[in-house]
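Take a look at the structure below.
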Amino acid sequence: MSTLVVEDLRKTYPAAGKAAAVEAVRGLSFEVRRGEFFGLLGPNGAGKSTTIGCITTLVRPTGGRIAVDGIDVVARAAEAKRRLAVVPQNRNLDRDLSIRELLLFHGLYFGLPRAAREERALRLLRELQLQDKADSKPAALSGGMQQRAMIARALMHDPALLLLDEPTTGLDPQARRALWDLLKEQHARGLTIVLTTHYMDEADRLCERLAIVDHGRILTEGTPQALRRSLPGGRVLDLWARGGAPLGERLGALAGVQGVEPVTDDEAAHPGVERLRLFVETQDGLLDRVLHEVRAAGAELDHVSLAQPSLEDVYIHLTGKELRE
Amino acid sequence: MTAFLGLLRRDLLVAWRTAPFLLTSALTQPALVILVFGNILPRLGLVADEFRTVMVPGLMAITILMSGVQGVLMPLAADLSGTREVEERLLAPLSARMVAFERIVAGAIQSGIAGLVALPVMMLLVHQVSGVDVKPDWALLLPLVVVSGIVSAAFGLNLGTRVQPRFSGLLFAVVLGPMMLFGCAYYPWASLDALGSVRFVFLVNPLVFMSEAMRLAVTPEVAHMDPLGILAGLAVFAGLLCWAGARSFESRTIL
């Protein structure tokens, strides 16, 4: 059975004052199997946080159905909440309690007996390397530590599903890697995890399966490998040139070139430069033919690179734009 | 129910840790009022002697109202702030309305305690500064304090969820201040006969019923509203404010 089922989810925030109504999620469906590490990848404003909000009962869906472990989150909210835990984007630790106390109280809210609460809090403080700060208030902790404290809190009631909303935004690279290791470890122990991110590398490293989301819809879904394979050709050639006639059509006609897309972000920083992304098959002489064509057009080559496609290329191919940071 | 009691325990623990601050803020005002109106002004011949007895239950009602409103308003400000600490509560296995109701109960307990601490302090003070003795009916007082606490905390929940934080400074000037002046705290309802039918306008103010309830239990010898009227007023306000407060809490927190 799937741990999480989201069916045709819709959410429209009603108009308020001068702000018009916002259609944040427009018919989103996906399933997460037990023990799976699933990712929702998309730019800010794609509807990821709204989706997490709907799953965790903090946002009321306008339409569709969500079930956690078969329990409808709207009709049986309290039961569903027992089975899920969330690490939100904003750091919402209880400011008036110490880290140890807030873990113990979280256990109390979920009806854990005293001995179980204390044993689990102690174990999580140790596992997440928070023992030294156990008696400090959240404000005295670094961002990375607060993040770990939120994960410890989420794990206190032994959820079937852990949701993380942009967990590494604002963390330094070291804390980010430590968090990745921690999540991998929890996943290896069998925890079902859903993560939202706008970092391609994060999705690529952690997620077994992911959905690319934009404007409240899923554009595509699959394993990171399958998504990369879905690109035409199999390799990506980035090419910048200046001067001369437009290159797009000329290069697109070459044998071995499956597709050409202009790169249009940040145009102001590259005046007079034509930037192209070519989806190519690896063929003998391909680079030669490309270079020949560039020269024939009277253009000068600024930069060229050939690489394995990344999820970013998949994203750009699907949306025609870079990830908005 | 476990989640409800857990949240209540957490709130009372946090309130207990700030008890000196809460009690100081609850007791300063009534103590000073007693000093001025119970000793200084009567000595100057500016206030009638009867006023010293009339003001004790009224000040107790004001203490309960202010503590109840503050007991809900202050934690709610953190809840609904940018960090949205309220999410931790909303993710506990209980409904959003129960989360709201828990806030009311926690605020009511705080305000009841503040009222019950304030009364003996005021009795002692009023005895010291003006030689007046007040003999409360404690058995009658307790349940009335509980209901008054619920009315106050539920009123605080309505203020906290309906008034934008940037206007909270205005609350005292335009809401709580007038409530206290027109809340029969400094004069009994019975004396308002002098105003004719205008006096019924005062009944939109829940503090009127709280003041009369305290008057009934603390100074039964002073003229007061019919006990049934007091109970009906308190019950209607408690029900209405709890219902409206929980609704507005839900719509503020669940998007």
So if we plug the beta-carbon distance of B:L13 and B:E221 into 1/(1 + (r/R0)^6) with R0 = 56 Å, what FRET efficiency do we get, rounded to 0.05? 0.85
Which of the lysines could a cross-linker bridge to A:K48, judged by Cα under 26 Å and excluding same-chain residues fewer than eight apart? A:K11, A:K18, A:K81, A:K184, A:K321
Place a +1 charge on the Cβ of each Lys and Arg in the protein assembly as shown and a -1 charge on the Cβ of each Asp and Glu, then give the dipole magnitude about the Cα centre in debye, rounded to the nearest 20. 1080 debye
Short to long, in 20 Å steps from zero, the percent of alpha-carbon pairs of the protein assembly as shown per bin is 18, 38, 26, 13, 5, 0
With n ≥ 4 as the cut-off for DSSP H runs, can you work out [θ] at 222 nm for chain A, using -39500 (n - 2.57) per run divided by the number of residues, rounded to the nearest 500? -9500 deg cm²/dmol
Helix B:51-79 axis, angle to chain B major axis (alpha carbon atoms, nearest 10°): 10 degrees
What ranking, highest mean first, results for peptides A:111-120, A:4-13 when packing means the other Cβ atoms within 10 Å averaged over each residue? A:4-13, A:111-120
Please give the helix B:19-35 orientation as an angle from the longest Cα principal axis of chain B, in degrees from 0 to 90, rounded to the nearest 10. 20 degrees
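For peptide B:247-254, how many partner chain Cβ atoms fall within 10 Å of a residue's Cβ, on average? Display every interim value, and only then the final one.
On the way: counts 0, 0, 0, 1, 1, 0, 1, 6.
Counting other chains' Cβ atoms within 10 Å and averaging over B:247-254 gives 1.
Quick one: compute a quarter of the convex hull surface over the Cα atoms of region B:103-255 and quote it in nm².
Dividing the Cα hull surface by four gives the mean projection, 10.3 nm².
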Calculated on alpha-carbon atoms, Rg and Dmax of region B:2-253 in Å: 18.3, 61
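Working out 0.36 nm times the residue gap between A:M1 and A:R217, then minus their Cα-Cα distance, what length gain in nm do you get to one decimal?
Between A:M1 and A:R217, full extension yields an extra 75.3 nm.
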Loop GluC sites (Glu not before Pro), region A:141-224, which have at most 16 other Cβ atoms in a 10 Å radius of their Cβ (DSSP): A:E208
Once you average over the residues of B:91-100, how many Cβ atoms of partner chains fall within 10 Å of each Cβ? 5
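Suppose a student asked you for the relative contact order of chain B, using Cα pairs under 8 Å spaced at least 6 residues apart; what percent would you report?
28 percent
Using R₀ = 22 Å, calculate the FRET efficiency as 1/(1 + (r/R₀)^6) where r is the Cβ-Cβ separation of A:D158 and A:D135; round to 0.05. Walk me through the numbers on the way to the answer.
Details: r = 24 Å, r/R0 = 1.09.
It comes out at approximately 0.35.
Give me the Å³ per residue figure for the convex hull around the C-alpha atoms of chain A. Intermediate results must be reported in sequence, preceding the final value.
Details: hull volume 54.6 nm³, N = 325.
So the per-residue hull volume is 168 Å³.
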For A:A15 paired with A:E281, estimate the spin-label separation in nm (one decimal), with each label point 7 Å from Cα along the Cα-to-Cβ line. 5.4 nm
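Which net charge results for the neighbourhood of A:T62, defined as the other residues with beta-carbon distances under 15 angstrom from its beta-carbon, given Lys and Arg at +1 and Asp and Glu at -1? Don't jump to the answer; show the numbers that get you there.
On the way: positive: A:R10, A:K11, A:R26, A:R60, A:R65, A:R217; negative: A:E7, A:D8, A:E23.
Around A:T62, the charge tally is +3.
If you take each beta carbon of peptide A:90-98 and count the beta carbons of other chains within 10 angstrom, what is the mean?
On the way: counts 6, 3, 10, 3, 7, 5, 10, 4, 0.
For peptide A:90-98, the averaged partner shielding equals 5.
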Tell me which of A:I212, A:W240, A:V304 sits at the most positive position along the dipole axis of chain A, charges placed on C-beta atoms (Lys, Arg +1; Asp, Glu -1). A:I212
Positive dipole terminus of chain A, leading residue within A:A140, A:V290, A:G170 (C-beta point charges): A:A140
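Any chance you could run the full-extension gain for A:S98 through A:V74? It's 0.36 nm times the residue separation minus the Cα-Cα distance, nm to one decimal. Walk me through the numbers on the way to the answer.
On the way: separation 24, 0.36 × 24 = 8.64 nm, distance 3.24 nm.
Fully extending the segment from A:S98 to A:V74 adds 5.4 nm.
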Computed E for A:R65/A:R33 - FRET, C-beta separation, R0 22 angstrom, nearest 0.05: 0.80
Work out the length of the dipole vector of region B:2-253 about its Cα centre, built from +1 on the beta-carbon of each Lys and Arg and -1 on the beta-carbon of each Asp and Glu, and round it to the nearest 20 debye. 580 debye
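Read-outs throughout are calculated quantities, based only on the coordinates presented, and are distinct from any laboratory measurement. Quick caveat: nothing in here was measured; it's all calculated off a predicted structure. Neighbour counts run over all protein chains shown; Cβ positions are idealised from the backbone, glycine included.
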